[in-house]
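Structure record follows, encoded as C-alpha cells.
The values are calculated or read from the model by the stated rules, or taken from the named source; none is laboratory data. The structure presented is a predicted model; accordingly, all values stated were derived computationally and were not measured. Methodologically, a virtual Cβ is constructed for each residue, glycine included, from the backbone with ideal geometry; neighbour enumeration extends over all protein chains shown. Side chains included, ligands, DNA and RNA excluded: accessible areas come from the protein's heavy atoms. Shrake-Rupley method; radii C 1.70, N 1.55, O 1.52, S 1.80 Å.
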Amino acid sequence: MERSLTVLHAIKDRELNEECGVFGIWGHENAAHLTYYGLHSLQHRGQEGAGISVTDGKRIKFHKGTGLVNDVFSEEAIEGLTGYAAIGHVRYSTQGDSDYANVQPLVFRSQIDSLALAHNGNLVNANALKYQLEAQGSIFQTTSDTEVLAHLIKRGGSLRFKDRVKNALSMIKGAYAFVMLTEDQLVIALDPNGLRPLSIGRLGEAYVVASETCAFDLIGATYERDVQPGELIIIDETGLSTERFSSSVERAICSMEYIYFSRPDSNIEGINVHSARKRMGIELAKEAFIEADVVTGVPDSSISAAIGFAEATGIPYELGLIKNRYVGRTFIQPSQELREQGVKMKLSPVRGIVEGKRVVMVDDSIVRGTTSRRIVNMLREAGATEVHVRISSPPIKYPCFYGIDTSSESELIASSYSVEEIREQIGADSLIYLSPEGMMHAIGRNPEWSHCGQCLACFTGKYPTEIYPDTLLPHEKVQPV
C-alpha cells in the first residue's frame, strides 16, 4: 500500500465540530444570569464565541465576545444585562469567520423595534438568498448565514411580526434552530426536518428553551417537550402560543447528536445520549468481537460506547487514555512535528494499563484519520502488543451541509479509501465500523423507516433537503431524498 496521508495532513487537524448551541428564557428576573449558566452547560457545542441579549420590555441590551463563556462574561457584564427575558449563544464557526461581528446573538435595530437572533445549524440556500437580497438593496454586516433571516423578516413590511417570521422561514432551507428576542416576545423556530435538537422547559413560571436538556438540569428547570419540526413558538406576556409554519415535515435529526455532539446527560426525543452510545458499543461488540485483554475509549464521547463494548464482550474496561482538559486546540501548530506533540498534550496513554496488552480502542468516528493514527501509535509506544480499533458509527463518507465542519469529501478519509486501506493508514491490527442498522437499533429507531427519524446523509449521501449548487465543490454530487 503506497498511498499516504499527505493530503490529509494539509487539512486542519481537528475533531468534528458542531456549529453552536442556543438558550433562551422568558419571565425570570435573573434572565441574564440563568442564560450565562445555560451557556456554560452548552460550551461543548462551541468555543469560539458567546453572547447574551436581554430585554426589559423596552430595550434590548447585549454583550458578546470571542472565546469561552468565562472569558466573555465578567460579573460586571452580567449585572449590566437587566431584564426578564434573554437569549444566548455559543458558537463554532462553520459558515462565516470567527470574528466578533459574527458572534451571536446578532442584534438589529430599527426606528420601530429591535431583534436579537441566535441560530444553531446552517442554511443551504443562504448564498442564493444573499444575492437576491443584495440586488434589492440589502447590505450585510456579517458573513454569517444567520443574518439572512433578519433581512427577510424586515422585508415583510407592515405584516404582523409573527406573519413576517413565518414568511421568512418559508424561504430558507437547511438546518435551523432559531431563538429570537424582541422587546416583548421570545420566538422559537425549528426547521421542517428537525435537524438540530431543541427543547422547551419550565423554571417555576418561566419558560426555558435550549439546544440540549443538560442546560435545564444545571439551572433547575424541568423538561416539558421537544420543539417539533416546522413549529413556531411565541412567548409573551399572555403566555405560550404555537403553530406550524410548515405542513411538510419529516423528522431527520442529525445522527451525530447521538454519536458525538450532545452531552451524555442530555436526552434527545426521550432517548438518553449516554444510554444510546452504550448500546452502540453493545451492538459493535456483536458485530465486531475480537479476543483482547483490555477495552479503552477515546475521551470523552467514546467512553459510553467503550463501556458497552466491554460489558458485552466480558473484556475489562480500563482508562487506557487520559485527556488533559487544560489544553486548547492544537491544529494551529505550524509544523507536523509540533502537531504530533499537540496530540500527546491532549491525550496520554496509561502505560501501566496497556503495556503488554491486546487493546481494543473504541472511538465514535474517524473523520480525517490523522488523530486515529496518532492515538494508535501512542498506544503502541506505551507497550500495547496489539491495537484493534472499533468505531461506534458507520464510515463518514459524505460531507455535511447542515452545520458540521465537513463540507468537502476531500476532508473525509472514508470517501476515498476502503476500510482495509484506512486500517493500514492508521496502523491498527484490525478496524471495524458499526453498521448503519446496528447504529439505528442502538439508538432505538427502525432502520426500515424513511430516514429512521434521523439524518443519515454523512453515511449514505442521501440528504433530507435539497442541496444548492453553491454549497458544493465542483466535483461533488449529492442524492436528495
Considering (1) in contact (Cβ under 8 Å) with a residue 12 or more places away in the chain; (2) more than 24 Å from THR238 (Cα to Cα); (3) open to solvent by 10 Å² or more (accessible area, probe 1.4 Å), say which one ARG59 fails and leave the rest. (2)
Are there helices (runs of 4 or more DSSP H) fully within segment 338-445 with at least 1 residues that are touching a Pro at 6+ places or on another chain (Cβ under 8 Å), β-branched (Val, Ile, Thr) and open to solvent by 10 Å² or more (accessible area, probe 1.4 Å)? List them. 419-426
If I filter segment 269-284 down to residues being among the hydrophobic types (A, V, I, L, M, F, W, C) and open to solvent by 10 Å² or more (accessible area, probe 1.4 Å), which single residue comes out as modelled with the lowest pLDDT? ILE271
Does any residue of segment 208-215 turn out to be touching a residue at least 40 places away in the same chain (Cβ under 8 Å), under 21 Å from GLY21 (Cβ atoms) and out of contact with any Phe, Trp or Tyr (no Cβ under 8 Å at 6 or more places or on another chain)? yes
One residue is enough: does segment 34-48 have a residue meeting the conditions free of Cβ contacts under 8 Å to residues at least 24 places away in the same chain, farther than 21 Å from PHE178 by Cβ and surrounded by fewer than 19 Cβ atoms within 10 Å (Cβ to Cβ)? no
Given (1) open to solvent by less than 10 Å² (accessible area, probe 1.4 Å); (2) at positive phi, index of the condition GLY220 fails: (1)
